[in-house]
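Student: Let me begin by handing over the structure; questions about it come next.
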Amino acid sequence: MNGVSHLIGGLSAAVIFGVHSPSQLAMVAFSALLPDIDRPNSLLGRFVPVLPSLLEKIPGKRTVTHSLIMGFGLWLLLEGTFPELTIAFLIGYVSHLILDLFTGYIAFLWPIPWKVGVPLFGIPPVFVETAAIALWGVWMVLDGYTYFLNLF
């Protein structure tokens, strides 16, 4: 999936779970993009100089950054430093992993090389992404944007 689809997925999950403070929404957005740091051309990877290229070559795409181990480690780090952002982090990170399950295979249990995915009856990933963007547009047209206006 692309970065826009992951942002839409993460922010939609945040709305569903009642996350609404600006700092929490920023964390959801960041953590929804974070697993794709293993790709230099990803939305977040473009702003980090060397790390994405190393992650893509050494452990590989959709491995360490898409694992429950990395998610748990980052969650522990946040729990010790910014506990008010841990739920927001989990929402963004887990939404990313769930969305990637439908568009390919991920190594949930890295370093175990077993990858899992849930193909949608042969539907190409681009259609899943297009549907996500279209649904977001429908939500916005149906007054969904007011959710964000009421935050400030």
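Student: Of Ile98, Ile87, Ile112, how do they rank once you tally other Cβ atoms within 10 Å and put the fewest first?
Tutor: On the way: Ile98 13, Ile87 18, Ile112 10.
Final ranking by Cβ density, sparse to dense: Ile112, Ile98, Ile87.
Student: Turning to a different aspect of this structure: Hey, how much of the P(r) for the chain falls beyond 18 Å, as a percent of Cα pairs? Before the final figure, lay out the partial values.
Tutor: On the way: 6844 of 11476 pairs.
Counting pairs separated by more than 18 Å, the tail of P(r) holds 60 percent.
Student: Now for a separate question. Give me the three principal axis extents of segment 61-127 from the C-alpha atoms, as integers in angstrom, largest value leading.
Tutor: 43, 26, 14
Student: If you don't mind, there's one more thing I want to ask. Tally Lys/Arg at +1 and Asp/Glu at -1 over every other residue whose Cβ is under 14 Å from the Cβ of Thr63; what's the total? It would help to have the intermediate numbers written out before the result.
Tutor: Values: positive: Arg39, Lys57, Lys61, Arg62, Lys115; negative: Asp36, Asp38, Glu56, Asp100.
Residues near Thr63 contribute +1 overall.
Student: Which peptide among 8-16, 38-46, 24-32, 134-142 comes first, and what is the full order, when sorted by highest mean count of other Cβ atoms within 10 Å? Let's see the in-between values first.
Tutor: Working: 8-16: 20.4, 38-46: 17.7, 24-32: 22.4, 134-142: 12.0.
Output ranking for 8-16, 38-46, 24-32, 134-142: 24-32, 8-16, 38-46, 134-142.
Student: Let me know the charge dipole size of the chain about its Cα centre in debye, to the nearest 20, where only the beta-carbon of Lys, Arg (+1) and Asp, Glu (-1) is charged. Write out the running numbers ahead of the final one.
Tutor: On the way: 6 positive and 8 negative charges, 78 e Å.
Roughly 380 debye, rounded to the nearest 20.
Student: Would you mind ranking Trp75, Trp114 so that the residue whose beta carbon has the fewest other beta carbons within 10 Å leads the list? All intermediate terms of the calculation are to be shown ahead of the outcome.
Tutor: Details: Trp75 17, Trp114 9.
Result, fewest neighbours first: Trp114, Trp75.
Student: Could you work out the relative contact order of segment 7-132, using alpha carbon pairs under 8 angstrom and six or more residues apart, expressed as a whole percent?
Tutor: On the way: 184 pairs, mean separation 34.6, N = 126.
For segment 7-132, the relative contact order is 27 percent.
Laboratory data are not the source of any read-out in this text; all were calculated from the coordinates shown. Keep in mind that this is a model prediction, so the values were computed, not measured. Glycine also receives a Cβ, built like all others from the backbone with ideal geometry; neighbour counts cover every protein chain displayed.
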